[in-house]
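Report on one structure; see the data block that follows.
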Amino acid sequence: MSKDKSFTSSVINWFPGHMTKAKRAMEEKLKVVDMVIELRDARVPHASANPLLSALIGNKPRLVILSKADKADPVATKQWVQKLSSENVRVLAFHLQQDALMKPIVSACKELMKDKIERQIRRGIKPRAIRVMVAGIPNVGKSTLINRLANKKIAQTGDRPGVTKALQWVKVGKELELLDTPGVLWPKFEDAQVGFVLGITGAINDNVLPMEELAVYALRYLKQHYPHLLQERYGIGEELDDPYQMLIVIAKQRGFLLKNEEMDEKRTVETLMREIRDEKIGMISWESSDGNSESV
Ligand SMILES: Nc1nc2c(ncn2[C@@H]2O[C@H](COP(=O)(O)OP(=O)(O)OP(=O)(O)O)[C@@H](O)[C@H]2O)c(=O)[nH]1
Ligand SMILES: [Mg+2]
């Protein structure tokens, strides 16, 4: 197994052609939207903030929604919300399938649009529905959010990146019109860590990911930040620091051994990654708001 973090843009193509197309279409549509809801993944609020999107949005009003809060470490999410709020970012965190979304989102959108709405009223224009582009990285929950707000399954969703292929307007009551958009990434990650955590949390197609390297990264990070979870799920003790040895412990525990008693590495890695993503190990955040997560 290779242990180096060779997560470079030269070997992994996570920016397929349709993203370039989507970016162009979004650029065009931004001219007719009033504001943007930017979805980020609560487990990786920094890595999932798309710099391309920030450049596109410019100074349009923006509401940031941290999705999948049910999968993230609640303490870390609280700290992220505090940090972003202190930087004047309007931010809300949700479990998109279960939390009450309508009231807090409509009221945040109205507040962000307050000046424009008041100007319209002063000029005798009856305010129309607020037009909102819903944007973010792949698989972050954009279409799920829209379906919840519209209260019907109008946008296709799925637990893999790249489900939404085209832009689609969806009316939500009288107050909002939402534009669903395909998930977009950016052509070059500023550092390998961003690629790892986006891969772990499911924003990049598994087919182009070095899964063993992701598993090694994940085990190192978990050992450093959530050792008790590794202990509880797999019986990985304090004395164990080498990720490869940790994989062997998991393989033995699950009986993932080949005829020669060596571990079935592929199966072990797949199982570990699935259990991380299905939060079988626990609620995990892969970045902390004080920047300490970059040390693995
Ligand atoms: N646990 C959990 N799952 C969520 C949440 N939001 C969305 N999901 C799941 O995440 C997966 C992706 O959701 P989508 O709404 O298709 O994501 P998207 O951003 O539209 O993805 P693309 O169209 O591929 O860019 C689906 O399996 C959803 O059920 C959430 O808050 N918590
Ligand atoms: Mg979608």
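The values are calculated or read from the model by the stated rules, or taken from the named source; none is laboratory data. Since the structure is predicted, the reported quantities are computational estimates derived from the model, not experimental observations. Here the Cβ is made from the backbone with ideal geometry for all residues, glycine too, and neighbour counts use every protein chain on show. Side chains included, ligands, DNA and RNA excluded: accessible areas come from the protein's heavy atoms. Shrake-Rupley method; radii C 1.70, N 1.55, O 1.52, S 1.80 Å.
Listing for the model above:
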{"item": "Contacts under 7 angstrom Cβ, first residue in region 152-174 being more than 9 Å from ligand 2 (Cβ to nearest atom), partner hydroxyl-bearing (S, T, Y), 6 or more apart", "result": "L167/T181"}
{"item": "Qualifying residue in region 208-216 (condition: over 28 Å from E27 (Cα atoms) and over 23 Å from the mean Cα position of the chain (by Cα))", "result": "no"}
{"item": "Breaking point among (1) within 16 Å of ligand 2 (Cβ to nearest atom); (2) farther than 23 Å from K280 by Cβ; (3) at pLDDT 95 or above, for M113", "result": "(1)"}
{"item": "Positions within region 103-135 being among the basic types (K, R) and either under 25 Å from K165 (Cβ atoms) or assigned to a helix (DSSP H, G or I) (or both), in sequence order", "result": "K103, K110, K114, K116, R119, R122, R131"}
{"item": "Lone qualifier among L84, L92 - being away from ligand 2 (no atom under 16 Å from the Cβ), in the same structural domain as P104 (by TED's automatic domain parsing), in a strand (DSSP E or B) and touching a strand residue (DSSP E or B) at 6+ places or on another chain (Cβ under 9 Å)", "result": "L92"}
{"item": "Cβ pairs under 6 Å, 6+ apart, first in region 106-135 and in the same structural domain as L53 (by TED's automatic domain parsing) and under 15 Å from I57 (Cα atoms), second of a type in the set (S, T, N, Q) and surrounded by 14 or more Cβ atoms within 10 Å (Cβ to Cβ)", "result": "A135/T181"}
{"item": "Residues of region 85-105 that turn out to be among the aliphatic types (A, V, I, L, M), touching a residue at least 12 places away in the same chain (Cβ under 8 Å) and open to solvent by 30 Å² or more (accessible area, probe 1.4 Å), as a count", "result": "4"}
{"item": "Residues satisfying the stated conditions in region 191-207, i.e. open to solvent by 10 Å² or more (accessible area, probe 1.4 Å), part of a helix (DSSP H, G or I) and either touching a Gly at 6+ places or on another chain (Cβ under 9 Å) or in contact (Cβ under 8 Å) with a residue 40 or more places away in the chain (or both)", "result": "A192, Q193, D206"}
{"item": "The listed residue being of a type outside the set (S, T, N, Q) and away from ligand 1 (no atom under 14 Å from the Cβ), out of V132, V163, V184, V170", "result": "V132"}
{"item": "Residue list for region 136-155, filter: near ligand 1 (Cβ under 7 Å from one of its atoms), outside any helix (DSSP H, G or I) and open to solvent by 20 Å² or more (accessible area, probe 1.4 Å)", "result": "N139"}
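This table checks each residue for (1) of a type outside the set (D, E, K, R); (2) at negative phi; (3) assigned by TED's automatic domain parsing to the domain that holds L66; (4) open to solvent by 50 Å² or more (accessible area, probe 1.4 Å).
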site	(1), (2), (3), (4)
L222	yes, yes, no, no
L240	yes, yes, no, no
A251	yes, yes, no, no
F256	yes, yes, no, no
K259	no, yes, no, yes
T268	yes, yes, no, no
E275	no, yes, no, no
I281	yes, yes, no, no
S288	yes, yes, no, no
